[in-house]
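*Asks:* First the structure, then my questions, so here it is.
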Amino acid sequence: MMAGEKLPSTRTLAADLGVSRSTVVVIYEQLAAEGYIETAAGTRARVSSGLKSARIEQKPSDSKHARQAAGLSGYGQRLNQLSLPQPPMADPRHINFLYGAIADEDFPTLTWRRLYSRMLTRHQQHLYYRAREGEELLRKEIQGYLMRARGLQCTADQVLIVQGTQQALELCAKLLIDPGNAVVMEEPCYLMARRTFEAAGAKIVSTPVDEQGMVTSALPETRCSLAYVTPSHQFPLGSVMSISRRHALLSWAQRRSSWIIEDDYDSEFRYGLRPVDPLQALDNSGRVIYIGTFSKALSPQLRMGYLVLPPALVTPFRQAKQLADRHAPVLEQSVLAELIRSGAYERHLRKLKRENERRRSAIVEAISRHLGARVRVEGTDSGLHVVVWFKGIPRSAEQQFVDTAKERGVGIWPVTPLYAEGVRFRKERCAGFVLGYASLKVADIDKGIRLLATALP
Ligand SMILES: Cc1ncc(COP(=O)(O)O)c(C=O)c1O
C-alpha cells in the first residue's frame, strides 16, 4: 500500500479475514501506536504519510546490496555469486520421477520409534555436549558394517559422524582447498559437490566420464588438491569405475600428492552383482577419503552420514567438525547404532533393495514397452535412478518437454544442469532426463512412463 492510501474498515477487513472485529481494532491500534497508520474519529485509517520515505530508506537498492556484499569475505562473495540447486518443486498430485526422494513407507517407522523412545528415556547423568567425532557405539557399528558390506577396513577412530554427505564435502573443502587450488571433478557431476568446491575458491578441472567411469587418462599432470569421484555409480550417468581406472586414479593421487574423495552414496543398491570394492579398500597410501550417507537407505531428512578418514586427517577433521557444530545429534546417532547392532538395519536394507529392484525392473520394462527405440537408457545396473536420452527431442527443447509432461501429470527433471561445462564432454546432443524411481509405486512407474510417451512430440 502507498502512503496516504485508505485501509479497509475494521468491519470489512474482519469479514474478509474471518476474524473478529475486535482483533482487527487491536491491530489497527497497534499499527497506529507504531506510526504505520493514522486514525481519526469518523474516517477510515490511512497509511502514514511519512512511511513512504522510511520504506525507501529501509529497502536497500541493488547498489546498496552490492556495497554490502563487498563487506563479505572472499568465501562469502564467491558464494553470493553461485547459483545453488534448490529442491525441485514436485506437484504432489503428479507422478514425480524425483531423484533423491525415498518412499515414505520405506522408512522403518515402527522400529525407529521403538528405539527412539528407548533412547529418549534412557537415564543419563546429565545433558551435556558429547564427542565431536560422534558416538563411539555408532562409529564401531559403522566400521563393522563397512567391513561386512563393502570389504572396507578401518578403525572406529577413522570414522567421523557428520550431517550427511554435504557436511563431509564442506569439511573437505575447508580443510583441503585454498583459493586457486585445482580440484578434479567428473563431468557431468554432482552439482552440490562442485558448488561446495567452487565456493572454497577451487579451480575446477572437469574430466569426462564414459562407461568405465572417470577417464583417468585425461587427469591433469599438474598439482591438484583433490579429485572428487563417484566410482561405484557415477552420478548421474551410472557407470562403474573399472578396476584398471581405480588403480590409475590411485597412482595418480600418489604421484601428485592429491586426495581422492570417494562419494559412495548409493552402493547399497547394486542389483544382481556384488557391490564393487571401494577405492578406499585398494588404497595403500592413505590418500582416499571415503564418504557414506544414510540418505538413500533411511531418509535424506535424517542428515546423517560419515567419513572414513586416512589417519593423517583424523585430528584436523575432528577439530573442524567441532567448530562447525560441536557434534552430530546424539539421539539419532544412538538409534542408528542400535539399529545396526541389532541386525535390523541390514534386514531393512535387504527389504529395501528388493523393493527398489522391483521398481528398477518396472521402469526398465515400462521404458522399453512405451518408449522403445525412441530413447536410450543409462545406469540401470544400480542406484535409484536412470538417465533417459530422448533421441527425437533436441537438448534445447528439454524444458518444453518438462512442461508438456507436467500437463500430462508427470514430473521429470533434465540432466542438462548437471553438465556444468555445457556441451563440452557431452556426447548426447538430444534431451536427457534423470528419472528417480525410489519414491514411486510400481504401478505408478508404468503409468508415468506411459503418460510420458503421450507427451512425445
Ligand atoms: C552423488 C551424491 N552424493 C551424495 C548424495 C547424498 O547427499 P546427503 O548425504 O548430503 O543427503 C546424493 C544425493 O542425492 C548424491 O546424488
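*Asks:* Pull up the cross-link candidates among the aspartates and glutamates for K351, meaning alpha carbon to alpha carbon under 13 Å and not fewer than 8 places away within one chain.
*Replies:* E105, D106, E268
*Asks:* Multiply the residue separation of Y128 and L110 by 0.36 nm, subtract the distance between their alpha-carbon atoms, and state the gained length in nm to one decimal. Spell out each step's value before the answer.
*Replies:* Numbers: separation 18, 0.36 × 18 = 6.48 nm, distance 2.83 nm.
Roughly 3.7 nm would be gained on extension.
*Asks:* Which of the trypsin sites (Lys or Arg not before Pro) found in segment 415-457 are loop residues per DSSP with 11 or fewer other Cβ atoms within 10 Å of their Cβ? All intermediate terms of the calculation are to be shown ahead of the outcome.
*Replies:* On the way: sites: R424, R426, K427, R429, K441, K447, R450; in loops: R424, R426, K427, R429, K441.
Counting only loop positions with at most 11 other Cβ atoms within 10 Å, the trypsin sites (Lys or Arg not before Pro) in segment 415-457 are R424, K427.
*Asks:* Provide the net charge surrounding L309, with neighbours chosen by a C-beta distance below 15 Å and charges set as Lys +1, Arg +1, Asp -1, Glu -1. Please report the intermediate quantities before stating the final value.
*Replies:* On the way: positive: R132, R139, K174, R287, R318, K321; negative: E133, D157, E170, E262, D263, D264, D283.
Around L309, the charge tally is -1.
*Asks:* Another question, if that's okay. Sort T12, T109 so that the residue with the fewest other Cβ atoms within 10 Å of its own Cβ comes first and the one with the most comes last.
*Replies:* Least crowded to most crowded, the residues run T109, T12.
*Asks:* Where does the chain land at 222 nm, in deg cm²/dmol rounded to the nearest 500, when only DSSP H runs of n ≥ 4 count, each adding -39500 (n - 2.57), divided by all residues? Write out the running numbers ahead of the final one.
*Replies:* Values: 16 runs with 182 residues, N = 457.
Computed ellipticity for the chain at 222 nm equals -12000 deg cm²/dmol.
*Asks:* Here's something else I'd like to know. Measuring from a point 7 Å past the Cα of E421 along Cα-to-C-beta, which residues in segment 189-217 have an amide N at less than 13 Å?
*Replies:* So the set is 189, 204-210, 214-217.
*Asks:* S239's amide H: which non-local residues (gap 5+, or another chain) put their own amide H closer than 5 Å, with H modeled 1.01 Å from N in plane and none for Pro or chain starts?
*Replies:* Q234
*Asks:* Nearest 0.05, what FRET efficiency do L82 and L456 give at R0 = 30 Å with Cβ-Cβ as r?
*Replies:* Working: r = 35 Å, r/R0 = 1.16.
Plugging the Cβ-Cβ distance into 1/(1 + (r/R0)^6) gives 0.30.
*Asks:* Which value, in debye to the nearest 20, describes the size of the charge dipole of the chain about its Cα centre when Lys and Arg Cβ atoms bear +1, Asp and Glu Cβ atoms bear -1, and nothing else is charged?
*Replies:* Working: 62 positive and 47 negative charges, 56 e Å.
The dipole of the chain has a size of about 280 debye.
*Asks:* Once you have the Cα-Cα distance between A40 and L137, take 0.36 nm times their residue separation minus that, and quote the gain in nm to one decimal. Intermediate results must be reported in sequence, preceding the final value.
*Replies:* Numbers: separation 97, 0.36 × 97 = 34.92 nm, distance 6.88 nm.
My answer for the length gained is 28.0 nm.
*Asks:* Tell me, what HN-Hα J-couplings in whole Hz come from the Karplus equation 6.51 cos²θ - 1.76 cosθ + 1.60 at θ = phi - 60° for each residue of segment 37-47, using x for Gly and Pro?
*Replies:* So the J values, rounded to whole Hz, are 10, 10, 10, 8, 4, x, 10, 6, 4, 10, 5.
*Asks:* Additional query: Provide the gained length on full extension for the span Q30 to R148, in nm with one decimal, where the gain is 0.36 nm per separating residue minus the Cα-Cα distance. Write down the numbers at each step before the final one.
*Replies:* Numbers: separation 118, 0.36 × 118 = 42.48 nm, distance 6.50 nm.
Separation in residues times 0.36 nm, less the Cα-Cα distance, equals 36.0 nm.
*Asks:* In whole Hz, what ³J(HN,Hα) sequence does segment 347-357 give by Karplus (6.51, -1.76, 1.60; θ = phi - 60°), x for Gly and Pro?
*Replies:* 3J(HN,Hα) across segment 347-357, in whole Hz: 5, 4, 4, 5, 5, 5, 5, 4, 4, 6, 5.
*Asks:* Calculate log10 I(q)/I(0) of the chain for q = 0.06, 0.07, 0.14 Å⁻¹, where I(q) comes from the Debye formula with a single equal point scatterer on each Cα and nothing for solvent.
*Replies:* -0.36, -0.47, -1.28
*Asks:* Something else: For each pair in K203/K321; K391/K447; K406/K447; K296/K441, compute the distance between the two Cα atoms and list the pairs where it is over 19 Å. List each step's numbers first, then the result.
*Replies:* Values: K203/K321 25 Å; K391/K447 21 Å; K406/K447 14 Å; K296/K441 17 Å.
Checking Cα-Cα distances, K203/K321; K391/K447 exceed 19 Å.
*Asks:* Exposed loop sites here are chymotrypsin sites (Phe, Trp or Tyr not before Pro) in DSSP loop states with at most 10 other C-beta atoms within 10 Å. What is the longest stretch of the chain lacking them?
*Replies:* Working: sites that count: Y128, Y129.
With chymotrypsin sites (Phe, Trp or Tyr not before Pro) excluded where exposed in loops, the chain gives 130-457 as its longest stretch.
*Asks:* Go through Y116, L309, C154 and say which Cα lies farthest out towards the positive end of the charge dipole of segment 108-345; charges sit on Cβ, +1 for Lys and Arg, -1 for Asp and Glu.
*Replies:* Value: Y116.
*Asks:* Past the 21 angstrom mark, what percentage of all C-alpha to C-alpha distances in segment 97-247 do you count?
*Replies:* Value for segment 97-247: 63 percent of Cα pairs lie more than 21 Å apart.
*Asks:* Also: Share of antiparallel DSSP beta bridges in the chain, in percent to the nearest 5? Walk me through the numbers before you get to the answer.
*Replies:* Values: 27 of 46 bridges.
Bridges in the chain are about 60 percent antiparallel.
Coordinate-derived values only; no laboratory data. These numbers were taken from a predicted model, which means no experiment stands behind them. Cβ coordinates were reconstructed from backbone atoms using ideal geometry, including for glycine residues, and neighbour counts include every protein chain displayed.
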